[in-house]
Each structure stands twice: as C-alpha cells, then as structure tokens.
Amino acid sequence: MGGARPRAGRGPTAAPRRTGRSDDGAASVAVADLQRMTEASRGLIGLLDASVIARRAASAFGPIVGTDATGVSLREGPRLMVTRGSWHVRTPGVRSGLQIHYGDGVAGRVLRDRRPVCVPDYGADPEISPHLVDQMVNQEGIRSILGAPIMHRGRVIGVLYALNRSAGEIGDRAHRLAEDFAASLGPALGGAMHAQRSSHLSAMEERQRISRDLHDTLSPLLFGIGSAAQRVSSTLGVSAPDILQQIRAIEAQAAQASSSLRDILRALAPCTADEGLPAVIGMDVRGFATVTGTAADFAVIGDPYNLSGEQEAVLIAVVREGLHNVGKHAQASSVLVTLHYGEESAEIVVQDDGRGLPDGFEVVQVPRDGQHYGLASLSQRLARVGGEIALQRNDDGGMTLCGSVPTCAA
C-alpha cells in the first residue's frame, strides 16, 4: 500500500558526517531498530491465524518505521493479494479486504517482480488501475508507498507496506527496515498459512468421505425402497385401496428423500480448487498409510487453481500408480507426496526411501515384455494433455516419480 524521510521514512538521506560521534549515533539507532524488530517478531511466533499475524505485524511495524501508516497484504490466490492488516489506516475498504491483482498497484508488482517496489506518487503512476488510485489516494489520502515482499520457501506469500500521505521517495532507513522486518515475518506467516491450509484440507477430506459414503450406501438404499414400493403398488392394483395408499406414500417419501440426498451431495461437493484435487489426493495418501502401515505424508505447495477434469484425473492416476508401486516393490519405510501449483505447470511428486529403481529401467509409452503397463499408460495419458512423466533414482536411495501438466496460462 508508502513513505518519505527523515521522520524515519521521509526525505533524502543526509550525507554521512565523518565524526566518531555521528557514527556512534547511527550505530545506536541501528541497534535500537534491530532490538525493536526482534521483539516485534517474537510476539508473532506461535500464532496460527495468518490474518492475526498480518494485523499485529502492521501495528508493530508502524512505530518502528515512522511512516504515516503501514499495512500487510496476504497472497490469497496465484495472482491475488488482499490486505489483511493495517496501522493508522482509516478507510475500511483499504484497512482490510482490498484486492490487488498481479501486476497492479505495489503488491501486484511485488508479486510479479519478487522484489521491493516503491511508488513516490501513487496517483500519478499510469500503470496503477483507477480503482486502486481512488481507494488509496482519493479515499485514504495515501500518496507514496513502499512494498517489501514477505517470502517463504522461495515464494512471495505477502507484502509489507510503509505508507505516507505526501508524495516523495521513501527513505533508505525505511527501505532497510521494511526488507528486514518482511524477512522476519516469512517463517511465522508461512507456518500459519500452512497450518490453516492443513486444517482446511482435513475438513475437505472429511466432507468428501461423508459425501462418498452417503452416495454409496444411502442412495442405492433409497432407490431400492422406491422401486420396491412401485412394484408392490403395481401388483396390488385397486384390490386393497388402504394398503395401496400407504405404499404410494412410501414411494413418494423415498423420492423426496432421494431429492434431499442429491441436495446434500451438491452442498458437500468441492466449490473451489483447493477443495477438490488436494482433498482427493490427501485421502488417497492417508488410505495408503492405513492399509500398508508405511508412513505417508502429503504437502501442497503454492496456491491451488483450477485444472481441467482430464488434467486432475491424470494427476490422481500418477499418485495412485506411484503409491501402488511403492507398496508393491519399493520396501520403503516412508513416502512423501507433494502437489505443486507452479506458474507454468502443476505437478505431483511421489518420493520414497525404498530400494530404488532397477539398473537400466526407463519409462516407455509402449510396454515391453508385458510389464510396466501402469507407467506406460500414465506416460500416454500425460502426453495427451501436454504433460510429462519422469522417474529417477534418488541420490540417497529410493525413487521419485513426477508427473506434470501445463497450466492454462502456459
């Protein structure tokens, strides 16, 4: 969302004096800044709600950096940042919930360029959308903005802002503080996002399990009751009107129950990208661990986005074939399945610590000697959707199976 200078964030940096007293003063300020940021970072450790971390981080950073206002946006989609924390921001729509898309505003540029971005006159920048100019300049009065990327495991997961209500460059000290504090936020914020995603994924897996059980057990039962009632009704004819009326009532109730069940199944169905493919793969991994006794973990890297039905189906097939081979051949003690949503491709990786691949083994599209039909079939299916398959021996033993499909953008 800006700064200027000497007030910690305004004006040009003064030329350094060559006196020992001046050097001692600058060192003292730097040490004090470091101590305050360390204390602020400690207060965020252990929090598991990313929005709470964003709010507390913005409030802690404001008095340290000394600009008119501060803020934090979180990455809530592959190409979307949303403000979730602020300090001294008055407008509700800017304080929390402001959406900034990839390449737009300061956060969008940080997401695109993966580096700090400073805009000294927000309203005069032709690359910023009129909507953001109206929100930030006309409504909130912000004129200059500095944004520093919050990184975790090589990904931009948020943006830390220093904001000023007058135009002008943000000072060097504010730049340094923003970059340092953003770096300290990465592990805490990344951990909270991972915890929230894991909790959400577990809930989605349970919803899909309930949906599957209802469909597989209750749906056939209700259909059978309705069909039986219909057959009895046809057999009785008009010879027993009282019984016929009751049978038809049962038939109508079974039909109504079936309709209600369909409504429930629709409500339980995945609504967003992270409720679909990750939940299905997570269920497969946990099922494998339960059946085989092999330690199995599942991780999602990146923000889930929608894939075509055929792409999702082939990635699920990669997981199932990989787990089948681990259980049948690898003699592994553990397996890790990773679903990675990248900018150009989505890929699934199955890694184990077993005995590895036989010498000279390679994946082919046409199986030889009547063996390895599963991998050959996967290679063909991935090729049909523009994807690739790779199987390799790990340096420390075991093997890695990787299947990838291109994204729509790619």
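Once the dipole of the stretch 177-258 is set up with Lys and Arg at +1 and Asp and Glu at -1 on Cβ about the Cα centre, which of VAL232, ILE210, LEU185 lies farthest towards its positive end?
The residue sitting farthest along the positive end of the dipole is VAL232.
Answer with one residue from LEU111, ALA167, HIS152: the one whose Cα lies farthest towards the positive end of the charge dipole of the stretch 62-218, charges on Cβ with Lys, Arg +1 and Asp, Glu -1.
HIS152
How much FRET efficiency would the formula 1/(1 + (r/R0)^6) give for ALA27 and ASP172, where r is the Cβ-Cβ distance and R0 is 22 Å, rounded to 0.05?
The value I calculate is 0.90.
Under the rule of at least 5 residues apart or a separate chain, name every residue whose amide H is placed under 5 Å from the amide H of ILE150.
Those qualifying (amide H under 5 Å, at least 5 residues apart or on another chain) are ILE157, GLY158, VAL159, LEU160.
With a probe of 1.4 Å, find how much accessible area the stretch 111-226 has per residue, and write the answer as a whole number in Å².
Heavy-atom SASA per residue in the stretch 111-226 reads 46 Å².
Calculate the dipole size of the stretch 46-194 relative to its Cα centre from +1 charges on Lys and Arg beta carbons and -1 charges on Asp and Glu beta carbons; express the result in debye to the nearest 20.
440
Please give the FRET efficiency for ASN394 paired with TYR102, using the beta carbon to beta carbon distance and R0 = 25 Å, rounded to the nearest 0.05.
0.10
Non-local amide H neighbours of ALA296 (under 5 Å, H modeled in plane, Pro and chain starts lacking H): which ones?
Under 5 Å from the amide H of ALA296: VAL335.
Output ³J(HN,Hα) for the stretch 75-92: one whole-Hz value per residue in order, computed from phi by the Karplus curve 6.51 cos²θ - 1.76 cosθ + 1.60 with θ = phi - 60°, and x for Gly and Pro.
For the stretch 75-92, the Karplus curve yields 7, 10, x, x, 10, 9, 10, 9, 5, 10, x, 7, 9, 6, 9, 8, 7, x Hz.
If the chain between SER377 and ARG112 were fully stretched, how many nm would it gain, using 0.36 nm times the residue separation less the Cα-Cα distance?
91.7 nm
Between SER234 and THR292, what is the label-point separation in nm under the 7 Å Cα-to-beta-carbon projection?
Those two pseudo-labels are separated by 4.9 nm.
Through the Karplus equation 6.51 cos²θ - 1.76 cosθ + 1.60, θ set to phi - 60°, convert the phi angles of the stretch 297-312 into ³J(HN,Hα) values in whole Hz; use x for Gly and Pro.
10, 9, 9, 10, 10, x, 8, x, 9, 6, 10, 5, x, 5, 5, 4
The values are calculated or read from the model by the stated rules, or taken from the named source; none is laboratory data. Predicted model only: the values in this text are computed from it and were never measured. Heads up, the Cβs are rebuilt from the backbone with ideal geometry, glycines too, and the neighbour counts pull from every protein chain shown. We work out accessible area using only protein heavy atoms, side chains counted, and drop any ligands, DNA or RNA first. Shrake-Rupley method; radii C 1.70, N 1.55, O 1.52, S 1.80 Å.
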